[in-house]
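Just below is one structure, and these are the notes that go with it.
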Amino acid sequence: MTYQPDFADYSLSPFTGMTRDSWRSAGKYLLRGLFDNLTDLNAPPLVQRTETKITYPHLDDSDGAQAAQRKAEIFEGLTRTLFIASVLLADEPDLSIGGLSLKEYYKLHILRACAQPESEEYAGSYEDMQALTQDSDPFRPYQQTVETCALVIGLSMCEEVIWKDYTKEEQDAIAAFLTGYAHANTVPQNWRLFNMLDMAFLYRHGYEIDEDIMLDHTQAILGWYAGDGWYRDGHSFDYYSCWAFQLYAPLWNRWYGYDRMPEAASLFEAYSNELMKTYSRFFDRKGRVNMWGRSCIYRNAATGAFDGNLFLAHSALAEDEKALGAARRICSGALLQFLTRDDFLVKGVPSLGFYGQFTPLVQGYSCAESPYWLGKAFLFLHLPADHPFWTVPENEDDWTGLSAHQVRETVLDGPGLVFTNHEANGETILRTAKVVKAPDDIRGMWNYAKLCFNTGYPWESAPSAEASPAAVESQQYVLKNLLNGEEERGNVLFYAGVRDGVLYRRQYFRYRLDTECHWVQAVDLADFPVPFGILRVDRMRLFRRPTEITLGAYGFPDNGTDIRRLERDGARAVVLDGRDAQGRPRELAMTIWGGWRKLEIIHSSGTNPDSEKSLIIYAAGEMLRQYDASEPYLYISQVITREDGGRFSEEEIFPVSRIEYPGKGNTGAFGPVRITLSDGREVTVDYGQNEGRLRL
């Protein structure tokens, strides 16, 4: 049964109905999947596995490795559900779910995990893990480091209920366990924050820490700041910048930084406030989260950055009532995006997917309990009932300032992110860059480098070979050598910025990272927003020919679909009318001009996170002759979407009234391309300045 918002107040929350009591009810709803399946107070915090090929414990690993992973899984189930349980307990210390006292359950199992080596639930010290796995790498980190950070956050949220109810001896034993992981090896990206919060927790409670190690972690974290409120995580940009850097750093400020490292704390504060200038625009009118980046099973945890800002001494969000009302609308909308889906829970537990179970997005570092990371979104409940976050009315903030069919574009040069809010359909489209993946990392490209990520149309993985006679992927170019059948997919995406309303990027195919690389296959990407979507004017830079070129639209949920084919002035379009798995209307249209030869449709199963069956419209073209500049180089297309049950007009499907190519015909060899739209707007696409502006 799906979650039905209770304690609703549509005068306070006109867009979602959600109140603080509604959030508490939703938290209990999520925990029920764990506690209703526990036999008694002694049962470990584990849920039934629904996937065994990707997630850990990995069945093909050694017995020692599996034993270590089993310990990590138990610890993960304990600490991640504590995100939710802790803030509920702070309000209601006697709370029970499934007939079990939450206070007694977590108090017992935290002690077992951290201070009772004889227990099967003991998470193991860092040295224990090295011995158990017999790993020869002296710098190897373990999952426990991640979960110790979740533990100290949970203990802090309900400090009066659990931490202070332990004896001094029990506190010392837990602190000794934390000290080991706080000072042990970690991963050189967001993981450093886990060590920092562990040490900050210990410092707050009077335990000794190594402040030189703290300083080293802090300078590294600050060194990854890229601007516009975003941090680079390792190499990538994704929601880890928001649910890790921009949540943990403000907590660190409160626990340690303001007292011991005020200069660093002031920077963390400034960077969080910078994010708040544009972060609300990252979500759509309904507050929906875009399916983008790794760890998409964490879903609405992305809203945690708003709460992080409210931990600061000088919070930009706290000082702006309108922004607070918009933030609550987004956070509640993002929560309802998932909880109101009838496929969200599997046996009472959040699925290993975005909506329902969807293994193409699952990473090997996850286990059955990993989705409870979304419990970070519930940390807002640390704010008392009279806090303005809960009392200011919801509003649409930036969306109210958009006129009919207007598009607002936000350009963040630091992380290379460009996102557009489309008033016509209420969707937000994200276009990313600064992506580097190994040539065979297809999943990494799905996560990071689809040409567009749409809040209403989550990304589709590659259809099976049986389903697709051509090499096709949604929102990506695929090249196929017509001589040997070899396929090439992009693996590097450079950013060249926005000029005169056009976003410029370049995608390389099979770019080698380990040798001197003289690239041969690439496409210059140039695209700009239209009211219902994105129009592309891309230039092929292919050396190996003959080559077939395909470009897919978004994956479209196929639950009974009407298909229309249209032509106008040499342009062709395919329009899909249908519904998603929840019965809500969808319409998608793809239109082609320029070098494209045809539009086709493929059927697929198990590759769309929104629906078991799906369709992908794709455009196909060819470059056949080597060293022949008379062939078309420019490939122009548009994909538009809506979800209101309406139908696109012909003007919306065919918005281009004139295309002026440079040079002879559609070669695009040099010079600008001028696009005149039917509404009178003129857009000039000029690749001439790209080479010196490419950035990663």
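All of 462, 471 fail the test of being at pLDDT below 95 and under 30 Å from residue 334 (Cβ atoms), apart from 462. A count restricted to the stretch 376-385 and to residues that are part of a loop (DSSP other than H, G, I, E, B) and over 15 Å from residue 9 (Cα atoms) stands at 2. In the stretch 186-209, the residues that are within 17 Å of residue 222 (Cβ to Cβ) form Cβ pairs under 8 Å with partners that are at pLDDT below 95 and of a type in the set (Asp, Glu), at six or more places apart or across chains, as follows: 189/233; 190/233. When the helices (runs of 4 or more DSSP H) confined to the stretch 156-224 are screened for residues that are surrounded by fewer than 22 Cβ atoms within 10 Å (Cβ to Cβ) and of a type in the set (Asp, Glu), those reaching at least 2 such residues are found at 168-182, 211-223.
Those residues that are aliphatic (A, V, I, L, M) and either under 21 Å from residue 333 (Cα atoms) or touching a Phe, Trp or Tyr at 6+ places or on another chain (Cβ under 8 Å) (or both), I need them from the stretch 408-435; list them, please. Spell out how you get there, then give the answer.
As a first pass, look at the stretch 408-435 and keep what is aliphatic (A, V, I, L, M): 411-412, 417-418, 424, 429-430, 433, 435.
Those that are aliphatic (A, V, I, L, M) and either under 21 Å from residue 333 (Cα atoms) or touching a Phe, Trp or Tyr at 6+ places or on another chain (Cβ under 8 Å) (or both): 412, 417, 424, 429, 430, 433, 435.
Out of 505, 541, which single residue is within 24 Å of residue 674 (Cβ to Cβ) and surrounded by fewer than 23 Cβ atoms within 10 Å (Cβ to Cβ)? The match here is 541. So for the stretch 124-134 (the condition being at pLDDT below 95, β-branched (Val, Ile, Thr) and in contact with a helix residue (DSSP H, G or I) (Cβ under 6 Å, 6 or more places away or on another chain)), does at least one residue qualify? Yes, there is a match, as at least one residue in the stretch 124-134 is at pLDDT below 95, β-branched (Val, Ile, Thr) and in contact with a helix residue (DSSP H, G or I) (Cβ under 6 Å, 6 or more places away or on another chain).
Among the residues in the stretch 341-356, are any closer than 22 Å to residue 80 by Cα and among the hydroxyl-bearing types (Ser, Thr, Tyr)? Yes.
Between 72, 90, the distinction of being surrounded by 20 or more Cβ atoms within 10 Å (Cβ to Cβ), assigned to a helix (DSSP H, G or I) and among the small types (Gly, Ala, Ser) belongs to 72 only.
Take residue 408 and tell me if it is surrounded by fewer than 22 Cβ atoms within 10 Å (Cβ to Cβ), assigned by TED's automatic domain parsing to the domain that holds residue 618 and outside any strand (DSSP E or B). Before the answer, list the steps.
Numbers: surrounded by fewer than 22 Cβ atoms within 10 Å (Cβ to Cβ): yes; assigned by TED's automatic domain parsing to the domain that holds residue 618: yes; outside any strand (DSSP E or B): no.
Criteria not met by residue 408.
Remark: pairs (first residue in the stretch 635-658, more than 14 Å from residue 536 (Cα to Cα); second residue modelled with pLDDT under 95 and surrounded by 22 or more Cβ atoms within 10 Å (Cβ to Cβ); Cβ separation under 6 Å; 6+ apart in sequence or on different chains) are absent. Could you please let me know if residue 383 is in contact with a Gly (Cβ under 7 Å, 6 or more places away or on another chain) and within 25 Å of residue 85 (Cβ to Cβ)? The answer is no for residue 383.
Within the stretch 293-327, if we keep just the residues that are among the aromatic types (Phe, Trp, Tyr) and assigned to a helix (DSSP H, G or I), the residue that is surrounded by the fewest Cβ atoms within 10 Å (Cβ to Cβ) turns out to be 298.
If you go through the stretch 635-657 and keep only what is more than 16 Å from residue 451 (Cβ to Cβ) and hydrophobic (A, V, I, L, M, F, W, C), you end up with 648, 653, 654, 656. Residue check: residue 330 meets all listed conditions (1) within 19 Å of residue 4 (Cα to Cα); (2) of a type in the set (Val, Ile, Thr); (3) assigned to a loop (DSSP other than H, G, I, E, B) but one, namely (3).
Scanning the stretch 225-256 for residues that are buried (at least 16 other Cβ atoms within 10 Å of the Cβ) and either assigned to a strand (DSSP E or B) or free of Cβ contacts under 8 Å to residues at least 24 places away in the same chain (or both) gives 225, 226, 230, 231, 233, 236. Annotation for the stretch 598-605: no member residue is at pLDDT 95 or above, crowded, with 23+ Cβ neighbours inside 10 Å, in contact with a strand residue (DSSP E or B) (Cβ under 9 Å, 6 or more places away or on another chain) and within 25 Å of residue 529 (Cβ to Cβ). Can we say residue 674 is among the charged types (D, E, K, R), surrounded by 14 or more Cβ atoms within 10 Å (Cβ to Cβ) and farther than 30 Å from residue 485 by Cα? Yes: the conditions hold for residue 674.
Close contacts from the stretch 212-224, counting a first residue that is farther than 14 Å from residue 263 by Cβ and a second that is among the charged types (D, E, K, R), with Cβ to Cβ under 6 Å and a gap of 6+ residues or different chains, come to 217/192; 220/192; 224/232. Out of the residues in the stretch 621-637 that are more than 14 Å from residue 479 (Cβ to Cβ) and of a type outside the set (Ser, Thr, Tyr), state the one that is modelled with the lowest pLDDT. Ranking the candidates gives 629 first.
Looking for something over 28 Å from residue 140 (Cα atoms) and either among the hydroxyl-bearing types (Ser, Thr, Tyr) or assigned by TED's automatic domain parsing to the domain that holds residue 342 (or both) - is there at least one such residue anywhere in the stretch 54-72?
So the first thing to find is which residues in the stretch 54-72 are over 28 Å from residue 140 (Cα atoms), and the list is none.
No, the stretch 54-72 contains no residue that is over 28 Å from residue 140 (Cα atoms) and either among the hydroxyl-bearing types (Ser, Thr, Tyr) or assigned by TED's automatic domain parsing to the domain that holds residue 342 (or both).
Of all the listed residues (89, 82, 38, 30), the sole one being among the hydrophobic types (A, V, I, L, M, F, W, C) and in contact with a Ser or Thr (Cβ under 9 Å, 6 or more places away or on another chain) is 30. The combined condition, being in the same structural domain as residue 317 (by TED's automatic domain parsing) and surrounded by fewer than 23 Cβ atoms within 10 Å (Cβ to Cβ), is fulfilled by residue 391.
Scan the stretch 114-132 and give yes if some residue there is part of a helix (DSSP H, G or I), under 24 Å from residue 243 (Cα atoms) and either in contact (Cβ under 8 Å) with a residue 12 or more places away in the chain or not polar (S, T, N, Q) (or both), otherwise no. Within the stretch 114-132 (the criterion being part of a helix (DSSP H, G or I), under 24 Å from residue 243 (Cα atoms) and either in contact (Cβ under 8 Å) with a residue 12 or more places away in the chain or not polar (S, T, N, Q) (or both)), the answer is no, since none of the residues qualifies.
In the stretch 388-398, the condition of being within 23 Å of the chain's Cα centre (by Cα), under 21 Å from residue 498 (Cβ atoms) and not in a loop (DSSP other than H, G, I, E, B) is met by at least one residue.
The values are calculated or read from the model by the stated rules, or taken from the named source; none is laboratory data. Quantities reported herein were computed from a predicted structural model and do not represent experimental measurements. Every residue, glycine among them, receives a Cβ derived from its backbone with ideal geometry; neighbour counts consider all protein chains shown.
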